[in-house]
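Inspection log for the structure reproduced underneath, given as C-alpha cells.
The values are calculated or read from the model by the stated rules, or taken from the named source; none is laboratory data. No experiment lies behind these values; they were computed from the predicted model shown. Positions of Cβ are generated from backbone atoms using ideal geometry, with glycine treated the same way; all protein chains shown enter the neighbour counts.
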Amino acid sequence: MPSSEPDAPITSADVAKVASLARLRLDDAELERFTHQLADILGHAADLETLDLAGVEPMAHPIPLVNVLRPDVPGDLVDRDEALAQAPAAEDGQFRVPPVLGEAP
C-alpha cells in the first residue's frame, strides 16, 4: 500500500520520525522499504483484529511447553578430596577463587 494514500496505516513521515527518535539514519530507499514493510505488518494486525475470538482462551504460548530438563534425581557423589585435587587452588577443604572486585586478597 503506497504511503501517499490517505488511508495508509503508516506514512514515510511516520517512519522517518520513529527512525529519528531511535537515532537511526535511513536513506530514501530504506525509508521507502521500511514504510512498505511496516504497512504490511500493520495491515496484518488489522486483519487479526477482525477475527471473532469470543470462545478462544488466552494463552502465553501457541504450543504447549514441556520441561526439557532431566529429573532432579540424586546420583553418585564425587569425593570431595578428589574434586579439590583437580582444582587450580583449594584452601580449608573448599575451592579457592580469585577475590571479588574491591576486596583485599
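Scanning the stretch 60-76 turns up no residue that is touching a Lys or Arg at 6+ places or on another chain (Cβ under 9 Å) and on the phi < 0 side of the Ramachandran plot. Return a yes/no flag: does the stretch 46-68 have any residue that is surrounded by 11 or more Cβ atoms within 10 Å (Cβ to Cβ) and among the aliphatic types (A, V, I, L, M). No, the stretch 46-68 contains no residue that is surrounded by 11 or more Cβ atoms within 10 Å (Cβ to Cβ) and among the aliphatic types (A, V, I, L, M). Set side by side, the residues Arg70, Arg25, Arg33 differ, and just one is among the charged types (D, E, K, R) and either over 33 Å from the mean Cα position of the chain (by Cα) or outside any loop (DSSP other than H, G, I, E, B) (or both), which is Arg33. In summary, Leu53 fulfils each of the numbered conditions (1) in a loop (DSSP other than H, G, I, E, B); (2) over 30 Å from Ile10 (Cα atoms) with the single exception of condition (2).
Here the stretch 79-105 is the region considered, the condition is being within 37 Å of the chain's Cα centre (by Cα) and exposed (fewer than 10 other Cβ atoms within 10 Å of the Cβ), and the residue that is modelled with the lowest pLDDT is Glu103.
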